[in-house]
């Protein structure tokens, strides 16, 4: 039993030694480590809040950029529609101008052809009249010349 009491006294002394000289520095080390961990956690929380704020501002910027892109695309569609309408209007004007020029040209050509035909018919009539006058006053010969002149004029017209 004396051995047991000696062991018990030794154990109590060991506990007193640990409590008096080992525990306080160990507690200080543990407190410093806890303070460091707490500071790290608070800085991590601050970083998370900051990152959340940046994420929110980035999402807002992205939404604004999407809105601007939508507006740009919409304006581009409107501009394309206006340009298409303008091109169609110009095309119709050009078509009408070309048709008007062609009609005027056709009218001029028609008038020139009439003048040429009138000149040819006039030449045939003059030629026939000369033949009629040159021929003797013979009615059947004159009628034949006149019929020939009418046929020539109808062939040209």
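Across 64, 20, 114, mean-square fluctuation computed from a Gaussian network of the chain (C-alpha pairs under 10 Å connected) peaks at 20.
Report the Stokes-Einstein translational diffusion coefficient (µm² s⁻¹, integer) for the stretch 1-70, Rh taken as the Kirkwood radius over Cα pairs, at 4 °C with viscosity 1.567 mPa s. In µm²/s, the coefficient rounds to 75.
Taking the helices alone, the chain has a mean residue ellipticity at 222 nm of -35000 deg cm²/dmol, built from -39,500 (n - 2.57) per DSSP H run of at least 4 residues and averaged over all its residues. Running a GNM on the chain with Cα contacts under 10 Å, which residue among 108, 14, 62 ends up with the highest mean-square fluctuation? Maximum among the listed residues: 14.
Between the Cα long axis of helix 23-134 and the first principal axis of the chain there is an angle of about 0°, rounded to the nearest 10. Within the listed set 68, 82, 115, the residue fluctuating most in the Gaussian network model of the chain (springs between alpha-carbon atoms under 10 angstrom) is 115.
Between the labelled values (i) 19.3, 81; (ii) 60.0, 189; (iii) 15.8, 51, the entry that holds Rg and Dmax of the Cα atoms in Å as derived from this structure is (ii).
With each label modelled as a point 7 angstrom along the Cα→C-beta vector, the residue 111-residue 69 pair spans 6.4 nm.
Coordinate-derived values only; no laboratory data. Remember, it's a predicted structure, so these values are computed and weren't measured experimentally. Cβ: placed from backbone, ideal geometry, glycine included. Neighbour counts: every protein chain shown.
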